[in-house]
Structure formats: structure tokens, C-alpha cells
Amino acid sequence: MSWVSDAAFAEDQPFGPQTLPYGVVAEGVAVRVGDSALPLRGLALGPRLSGLVEGDSLNPLLAAGRPAWSELRARLREIVNSASAPRGASLVPIASAVLPFQVGDYVDFYSSRHHAENVGRMFRPDGDPLTPNWTHLPIGYHGRAGTVYVSGTDVTRPSGQRRSSDGPVFGPSERLDIEAEVGFVCGGPVASRLSTSRAPEHVFGVALVNDWSARDIQAWEYQPLGPFLAKSFATSIAAWITPLEAFSVARVSPPPFDHQLQDYLKADQPWGLDINIEVTLNDTVVARPPFRTMSWTFAQQLAHMTVNGATVRPGDLFASGTVSGPLRDERGSFLELSWGGKEPFLLKDGSTRSFLEDGDTVTLTATAPGEGGSVVGLAEVVGTIRSA
């Protein structure tokens with residue numbers, strides 16, 4: 001029996017010993033154990049490992065690379081599963097509003113075929129819902145690292161130009177939306193031109209992401225260069241990063257394409273992940289997007305991102321793009337759930353929504369299958385909309 005006295009620290013709970021996500025609390029770098037946190041400063045980890053977690057950021061640990069990550073995770077599993085608390089161990093509340101690492105570059109992808117086809121059907125009803133390049137490469141764009149915020153940070157409604165019958169008008173977005181996504185936190189030595197087999201060595205962990213989107217601003221500005229003000233105002237990420245190693249049982253093969261991929265995108269291992277996401281608006285669960293349906297894996301995304309010589313560095317973040325499945329209640333954006341505002345959806349209080357109203361709170365949660373029938377958790381992402 002473990003010395004950890006937290007009822008939520010069990011293998012049938014999301015944050016049991018099979019998960020151990022990393023974050024930062026007032027006492028410094030910590031791992032989450034159930035509904036508590038175990039600060040790592042002062043634990044008997046050995047001089048090499050202790051130096052990686054003495055500060056108030058995950059960046060030194062991110063830079064250390066896979067061998068150190070594996071060694072530390074193994075040591076922490078020994079500590080939390082031991083019968084008695086080791087010297088220096090104490091549990092503290094997890095309540096924290098600290099971004100656990102300094103974000104370097106941020107890239108957002110567009111890798112759900114169901115999402116891309118839904119958007120294509122809405123915006124190009126008389127044409128092919130997919131653009132010709134979509135099945136040949138992971139489409140993405142470079143986002144703004146400076147507006148990646150930790151879960152719990154309020155989101156101010158953005159302003160910008162919108163299309164009207166009389167030309168462009170300026171003001172607050174009237175079609176503010178979410179994008180339920182899965183993010184990947186990078187680490188290891190600076191590298192470029194990664195193969196799909198090498199890419200996982202540069203992914204430290206996985207976190208839920210809500211990439212807020214102003215659809216009306218985007219519709220006016222995105223042609224021909226793509227997202228700008230409609231996406232750069234806020235991206236929310238979980239406060240706890242679940243190690244990639246925790247997902248060993250959750251690995252699945254992505255849906256196949258009906259043609260050969262370029263050699264650099266071919267994979268010799270399955271790196272899709274069986275993650276089940278839940279989207280809650282206020283107190284109503286409005287969608288359950290399945291990440292296993294994504295067409296492009298994180299290994300392919302990272303291989304594509306670096307194939308031209310671009311580097312990946314510790315602290316870089318890239319996200320999957322909106323996660324949507326084939327069913328209506330599996331759509332990971334309100335644009336899709338309301339079909340562009342034409343089909344508002346009902347909440348428990350009797351109100352309806354097409355897009356976000358001021359005061360609305362969105363919560364993303366997720367789990368994946370773990371070892372021995374356990375459940376691996378991804379920490380929640382919460383954001384409340386404040387008026388412009």
C-alpha cells in the first residue's frame with residue numbers, strides 16, 4: 001500500500017501512479033498524485049536528477065532528454081508506490097495558475113479529417129470538402145507563443161475586423177469559438193529533419209489545449225495567408241503535462257490514406273493515441289471528441305515541421321488541431337456543433353448556443369487507457385469568457 005494518503009491516487013482513477021503528470025506549484029516542480037501534488041525539490045532523486053527539478057520551471061527537465069525523463073519517471077514511481085514516505089516528501093494542494101514551462105515556438109495543426117470535411121462542407125458546399133493537399137501533408141500554421149496561457153486564465157473577447165454588407169467593420173468578435181485539441185510539449189537536444197521514428201524522442205509529454213478562435217475575424221482576414229488575429233489572442237493549456245511514456249497502452253494506428261505518403265511521413269510504429277476528450281460548456285457536456293480518429297499523428301506532424309531544416313527546441317509546443325469524430329456529439333468546435341450558427345445546441349438550463357457568450361466557461365477533460373486496465377488522465381483546461 002502506498003504512503004500517499006489521497007483517495008484519488010489509485011489505478012482506476014485518472015491521476016494514480018500510472019500517470020504522474022508534471023507541473024509547477026508554489027513549492028516548485030511537482031508531480032500530481034491524485035488530487036494533490038508532490039513537490040520534487042528535496043527528494044532523494046540523486047544529484048543528476050535533482051538538478052533538473054530544483055527550480056520553478058520544467059524547462060531544465062525538458063532539455064535533459066529521454067534517458068533522464070525515463071530515469072526520473074521510474075524513480076518517482078518507486079517513491080509514490082513505497083509503503084512509507086521518503087525523507088523530504090510531503091503533499092500539497094494542486095491549486096495553481098502557473099504555466100509549467102516557458103513556451104518556445106508554437107505550431108497548430110489541422111489534422112482531423114472529420115473536422116476538415118465539416119468545415120469544407122460549410123464553406124465550400126459546391127466543391128470538394130478537402131483541399132488537394134490535405135491528405136498529403138499535415139497542414140499547420142505558426143501561432144503566437146506569448147499568448148499561450150495556463151488553464152484557469154480568463155479569456156477576453158478579442159476585437160478585430162469583420163465582414164459586413166457595407167464593407168469591413170471593427171469591434172468585438174460575435175462568433176467566438178473553442179477548438180478542443182491535444183498538445184505536445186517538446187524537449188531533448190535542438191534538432192531538425194526528424195524522422196517519424198526519431199520524433200517521439202523529442203516529445204516530453206501530452207496536454208489538453210483549447211485554441212480559442214474568433215470565426216468572424218478569421219473569415220475576413222485568413223485569405224490568402226491564413227489565421228492571424230483570429231487565433232493569436234489566446235491558447236489555453238493544462239497546468240499538468242502527462243509524460244508520453246504514460247500512453248504506452250493507448251497507442252493506435254491512425255486511419256489509413258488511400259495513397260502512398262512521401263517517405264519522410266511514413267511511419268514504422270503506431271503513434272495515434274486513444275484519448276477520449278469531453279467538452280463541457282458551463283454545466284452541460286456538449287461533445288466527446290475521439291482523438292484516435294485523427295489522420296495525422298504527432299510523429300508525422302513533428303517530422304513535417306522539421307523536414308525543411310526548422311529546429312525543434314526544449315519548450316516548443318505544437319497542437320493537433322481541432323479533434324472531431326464522425327458523429328454530431330463528437331465535434332470539437334462550436335462552429336461544427338451549431339453548423340455555422342444554423343443549428344444552435346441546447347444547454348441544461350434551457351438556453352441555446354451557437355458561439356460563446358460573455359461569462360461562459362468551457363472545460364476540457366480527457367482520459368486514455370493505461371497499463372493493467374488503469375486510466376491515464378490529462379489535466380483539465382478551463383477558461384471563462386470576459387467581455388471586450
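The values are calculated or read from the model by the stated rules, or taken from the named source; none is laboratory data. Model, not experiment: these values are computed from the prediction. Note: ideal-geometry Cβ built from the backbone for every residue, glycine included; neighbour counts use all protein chains shown. Quick note on the areas: whole protein, heavy atoms, side chains included, nothing else; ligands and nucleic acids left out. Shrake-Rupley method; radii C 1.70, N 1.55, O 1.52, S 1.80 Å.
Each of ASP154, ASP268 has its accessible area taken with a 1.4 Å probe; listed largest first, they run ASP268, ASP154.
Put +1 on the Cβ of each Lys and Arg and -1 on the Cβ of each Asp and Glu in the range 168-274; which of VAL203, PRO168, THR235 then has its Cα farthest toward the positive end of the dipole? In the range 168-274, that residue is VAL203. Taking all protein chains together and a 1.4 Å probe, the residues SER324, SER90 rank SER90, SER324 from largest to smallest accessible area. Out of all DSSP beta bridges with both ends in the chain, state the antiparallel percent to the nearest 5. If we restrict to bridges inside the chain, about 90 percent are antiparallel. Using heavy atoms of the protein chains and a probe of 1.4 Å, the accessible area assigned to SER387 is about 70 Å². From the largest down, the range 202-286 spans 41, 37, 26 angstrom on the principal axes of its Cα atoms.
Adding -39500 (n - 2.57) for every DSSP H run of four residues or longer, then dividing by how many residues the chain holds, sets the calculated 222 nm ellipticity at -4000 deg cm²/dmol. Taking a quarter of the surface of the Cα convex hull of the range 94-203 gives a mean projected area of 10.7 nm². Among MET305, MET122, MET294, which one shows the highest mean-square fluctuation when the chain is modelled as a Gaussian network with alpha-carbon springs under 10 Å? Per the Cα network of the chain with a 10 Å cutoff, MET122 tops the list. Considering only GLY51, SER338, SER82, the residue lying farthest towards the positive end of the dipole of the chain is GLY51, judged by Cα position with unit charges set on Cβ. Histogrammed with a bin width of 5 Å, the alpha carbon distances of the range 220-362 distribute as 2, 7, 13, 17, 19, 17, 13, 8, 3, 1, 0 percent, first bin at zero.
In debye to the nearest 20, how big a dipole does the chain give about its Cα centre with +1 on each Lys and Arg Cβ and -1 on each Asp and Glu Cβ?
Roughly 640 debye for the chain.
Size descriptor for the range 299-388, Kirkwood hydrodynamic radius: 16.7 Å (Cα pairs only, one decimal). Among PHE298, PHE123, PHE184, the largest mean-square fluctuation in a Gaussian network model of the chain (Cα springs under 10 Å) belongs to PHE123. Of the residues LYS342, LYS266, LYS231, ranked by 1.4 Å probe accessible area with the largest first, the sequence reads LYS342, LYS266, LYS231.
Averaged per residue, the chain has 41 square angstrom of accessible surface, using a 1.4 angstrom probe with ligands and nucleic acids left out.
Directionally averaged projected area (the chain, Cα convex hull): 19.4 nm². At q = 0.10, 0.17 Å⁻¹ the log10 of I(q)/I(0) for the range 1-135 amounts to -0.47, -0.87, computed by Debye summation with a single uniform scatterer per C-alpha, solvent ignored. Applying the criteria of a DSSP loop state and at most 12 other Cβ atoms within 10 Å to the trypsin sites (Lys or Arg not before Pro) of the range 75-164 yields ARG87. Simple spin-label estimate for ASP128 and ALA145 gives 3.6 nm between the two label positions (7 Å along the Cα-to-Cβ direction from each Cα).
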